[in-house]
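A quick write-up on the structure given underneath.
FYI, it's all coordinate maths here, none of it is from the lab. Everything numeric here is computed off the predicted structure, so don't read it as measured data. Every residue, glycine among them, receives a Cβ derived from its backbone with ideal geometry; neighbour counts consider all protein chains shown.
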Amino acid sequence: MVSPVYSNYWYSELLVNYLLSPGVSSYSYQPVLPINAVEEILLKNNWVQQQPSLVTNSLVSLNNYARQLWEASQPLQLGTTDNVFLKRVATSSVPGAVTAQAQPGATLATYTVTVSQLAAAQQNLGTALASNAAAGLAAGTYTFSLQAGGKTYTISFAVNSGDTNLTVLNSMANALNAAGAPVTAKVATDTVAGTSRLVLTASNTGTGNAFTLADITGNAVAYTGANTVSVAAANASYTVNGIPYTSQSNTVYLDNLKLTLNLLAPVSSATVTVAPDTQAISTAVNNFVAAYNNLITFTAQNSQYISPQIVSSLKQAYSYQAANLAAIGITRNPDGTLVINQSTLTNALQSNLGAVEAAFSGVNGLAVTAGFEAQQIFTAPLTTFINPFSLVSTTAGAASYYPLYNWMGLSNAASLWSVLLPPGSLFNQIV
């Protein structure tokens, strides 16, 4: 009955000797009460049984930290869709006249832009009619045509007996807006003068979007003056690097649609510069280093459960580019974590972007190798990266390794209780 107790790895020498030789008087210490010894042993055993869940929790957290590093590595790799080295920022020397937006991969270049005329949308301003006066149109249905964008729209509305000018104008505007034509109609009322008029505006700029109205049945267009042009449709006129262009719109595109210019006002000379988005690159580098350090730190802090090979691999990934990384302001602490000299990094981004790109995205670049390592971690089974020598317990005299942990701990605990407790007490003590 005693042998299972003696053979189990976590029982102290004191208890074993006490149980086997309780009457020996040569001990220099006082005997320990059996019930106290059992309680201490079971406390240790319960702690031991918790270790597999601690190992599992560590591996799950490792998986999360690895995924975060992989995600942070993606913007710093050339083959990804969100590669920050392809991001561009466009600036204008005269933002009140010209603004610009650059798409990823836009050509790094400088453009000189002049704007002599902006594109304009046609606007018609009708005759001012006394708002509350009786309409000068007889009751009936009025039909007129609207030609716009190469298409003709036929529009009708009704005039009722006793309608005022304001009522007629609103009815005509509503009919225009319901027709689906590229023209917007509204009624402008001058409350001081007591007059109202139609205002028609093309939905788009440029001469290709000019419009005309003509009466078909009745004389509503003539009566309201709806066909009176107040602002003629016009195309934009501008030059880029001395080459003249025209456009139906004030939004124009260069560099195979990768650069957008917004023409806002006439200007004799504005400089538009397309450059790398150094702020986006700096942010990506800082995010990557933070994720790298988190994985290194967590793995080191949980080395009793996690394979030390992970830290070694991450350190090796840095070593491949150690000289290039140090040159751009990224050095390594003794514990393997990285530190950024932001000033040095900023200078490198401004004056030697190629070195930054090579350090992270080139052959054996840090983002490439560390990102691959991180991907291997979070895509592999959790147990792949367990420390094969994971200590289940580090209590003095009771060290054990994870592969050796099994149901015997609980079995021996039950055996010990059965020896020391009165019959009928075992179940209650274990529960």
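Which order results if THR271, THR260 are arranged by neighbouring Cβ count within 10 Å, fewest first?
THR271, THR260
Under 11 Å from a label point 7 Å along Cα→Cβ of THR107: give me every residue in the stretch 334-376 with its amide N that close.
none
What FRET efficiency comes out for THR207 versus THR91 if R0 is 35 angstrom and r is the Cβ-Cβ distance? Round to the nearest 0.05.
Efficiency, from the Cβ-Cβ distance: 0.65.
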